[in-house]
Each structure stands twice: as structure tokens, then as C-alpha cells.
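Below: the structure, in C-alpha cells.
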Amino acid sequence: MNESHGLKRSYLNKNNSNKELIALRFFLGDCEPPIFQSFVKLNSIIVPKTQPRRYLDSQKLQLLTQSVKSHGILENLIVRPIEGKNDVFELVAGKRRYQAAVAAGLEEVPVKIWPLTDVQALQISLIENLQREDLNPVEETEAILQLLACRLQISQTEVSSLLYRMQNDILRMNDNVIIQTEAETIEQVFNELGLMNWKSFVSNRLPLLKLPAEILEVVRQGNIAYTKAKVIAKVKDFQWRQELLQEALEQKLSLSQIRTKIKNLQPNYEQLSPQATLESTVSRLKATQLWRKDPKKWKQIQQWLQKIETLLEEV
């Protein structure tokens, strides 16, 4: 970046303990690049599709917008220059502040401009959002998977499989040296994040992504606790599950109340009609999207589907 951008150059202060700096040092160590601080036009900032924060609570955003109108942006957005485009930047962290600035009608915002690679930008964005502790459980789970995939240089599906293998090795008391290096990297990431350990993540967070689509979306929006969502998801019948979910949302049912209602439904559930069983199975199959998330399991299901087709041809 040259002086024609009119940006004031400054450098990282070793005594600075803000979360952005923690995120930067986590990936770049002591090789800290210069940071440029300036005001840039809001319409010169591009929001990438890979932002970990996908859902913004409308009420919280409205409150933040009012604050921005009264006091301005109190904490700089983090952006990076886009190669080949003068005075155009990509948002790395600060999506809520960006959205509030747009809603408040600001023309320019204070930013810290970091010269980052694509991989560094993604990792910094993930870390910065995770450290803020205000992502919803689904966003947090997806962000951690994305971060691990980036560090291990494998797909998120492969990360999930690796985590489950690590869990199985511990349960079977099996020291699997094949994944030792990967396991050390995973433990390092969780230690640095300080949110939870990888065992808790596998047991309590990964199952979230297997929730039925309609429940997953409600959790993503922050309308129901994921502990309640996991219990509701145990109801196999799609119609009953929908009704219970709606009732839990409207009446703000507690976890114990939800469990009681499911227990009362249980006798009927065991006598599901063939049509209800079929509809529930098809709904669950669509929701899991195994053809995209777990090709190996999808291949197994295809084999069973072929057997069903063979049986139907004999009817």
C-alpha cells in the first residue's frame, strides 16, 4: 500500500491486549505486519461470503445502530486491501458494526487495514468472532470447523470424521499414531481458543449440525437454546416435531416441560402409521443431506434404496 491512499501508518503495540491483536498473534506469531489506521468510505468495503456471522439479531442490530448514530463507531472495523483495486477493501471482522453503520447512514467508518493473505484473513475473521463470545451455537460450531479445516488444510467433512475417529480411539483405548499430528493441531487450536476442549466439542456441538433443518434454522437465529433443540429433534415424526417446536417457541417452554410433553407423546409415537413412518424417514434423509456432508454414508443409503426398489419391482 502506498502513501497515495492517504493512510496514517502505525504499528502494533506489544502491550495492546485487544482480541484483534490476540487473533493476529495467534496465526502470525512474532512476525507482526504493520497496521494502517484510517477512515474509509463505507461503500468501498466489500463483505465476503465466508463471514462466520451469518445471522444478525434484528433487535440487537437496532440498538447498535442507535448507538452508532449517537456515538459513532467506537471500535475499528478490520479490513484488508484488495489486490489490484485501489481504495477498495474486504471486511475481515466487524460485520455487525458494518451493518449498523449502513443502517445509520454513515458515509465513512474507522478501520484497521491489515495486509493479509486469503488464508490469514479467513482465520483472523474466525478467531476474532469466536473470541467475542456472541456467536450463536451453530455459528460457533461452524466457525470452529472452518478454522480447523483451514489449519489442517482439509475439508470440514474430513475434520468432522477426524474428530469422531479421535473420540472412538479414546473410547477404545487405541493410540492411533496415524492422526497424531492432526490431533496435536486440533488440541492446540482448542487450547488457544479457550472456549471448550475438543472432546466437549465432539460430544455437544457437532451433533448440532445433524439437527433437522427446521430446528437448526431456529437455533441459528437464536430463538431457542440448543439443549432444548436437541431434545425436540429426538421426536421422529415430522408433524409432531413441528408442533412441539412451535409450542416451545410460543410458550417459551423450559427443558423439563419439553421432556414431559415428549414423554406424553411416546405411547402414540410407538404406534406410528406406515405413512407417518415413511414421511418421517424421508424428512430426516433430506435434512441430513448426506450426499453432500458424508458421501460414504450416502453410498450406503443408496445401496439400501436400490434394495427397496428391487422389492417394489416384485410387488
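The values are calculated or read from the model by the stated rules, or taken from the named source; none is laboratory data. These figures come from a predicted structure and were not determined experimentally. Here the Cβ positions follow ideal geometry from the backbone for every residue, glycine too, while neighbour counts run over all protein chains shown.
What are the residues in segment 221-267 that are of a type in the set (D, E, K, R) and touching a Lys or Arg at 6+ places or on another chain (Cβ under 8 Å), if any?
The answer is Lys236, Glu247.
Return the residues of segment 280-291 that are in contact with a helix residue (DSSP H, G or I) (Cβ under 8 Å, 6 or more places away or on another chain) and either farther than 17 Å from Glu214 by Cβ or not in a helix (DSSP H, G or I) (or both); say none if nothing qualifies.
Leu290, Trp291 - these are the residues of segment 280-291 that are in contact with a helix residue (DSSP H, G or I) (Cβ under 8 Å, 6 or more places away or on another chain) and either farther than 17 Å from Glu214 by Cβ or not in a helix (DSSP H, G or I) (or both).
Mind checking which helices (runs of 4 or more DSSP H) fall wholly inside segment 93-156 and carry at least 3 residues that are more than 22 Å from Thr181 (Cα to Cα), within 17 Å of the chain's Cα centre (by Cα) and among the hydrophobic types (A, V, I, L, M, F, W, C)?
Details: elements: 95-104, 118-132, 137-152.
Qualifying helices (runs of 4 or more DSSP H): 118-132.
Can you spot a residue in segment 60-75 that is in a helix (DSSP H, G or I) and under 20 Å from the mean Cα position of the chain (by Cα)?
Yes, because at least one residue in segment 60-75 is in a helix (DSSP H, G or I) and under 20 Å from the mean Cα position of the chain (by Cα).
Can you tell me which residue is surrounded by the fewest Cβ atoms within 10 Å (Cβ to Cβ) among those in segment 178-207 that are aliphatic (A, V, I, L, M) and either without any contact (Cβ under 8 Å) to a residue 60 or more places away in the chain or under 18 Å from Leu244 (Cβ atoms) (or both)?
Ile178
Would you confirm whether any residue within segment 95-116 is among the acidic types (Asp, Glu), farther than 15 Å from Ile45 by Cα and not assigned by TED's automatic domain parsing to the domain that holds Ala225?
Checked segment 95-116: no residue is among the acidic types (Asp, Glu), farther than 15 Å from Ile45 by Cα and not assigned by TED's automatic domain parsing to the domain that holds Ala225.
So in segment 144-171, with the set limited to residues that are under 19 Å from Arg292 (Cβ atoms) and of a type in the set (A, V, I, L, M, F, W, C), which one is surrounded by the fewest Cβ atoms within 10 Å (Cβ to Cβ)?
Only one residue tops the list, namely Ile154.
Out of all the residues in segment 174-193, is one or more within 30 Å of Glu83 (Cα to Cα) and at pLDDT 80 or above?
Yes, because at least one residue in segment 174-193 is within 30 Å of Glu83 (Cα to Cα) and at pLDDT 80 or above.
Can you tell which of Val218, Val235 is outside any helix (DSSP H, G or I) and not assigned by TED's automatic domain parsing to the domain that holds Cys150?
The match here is Val235.
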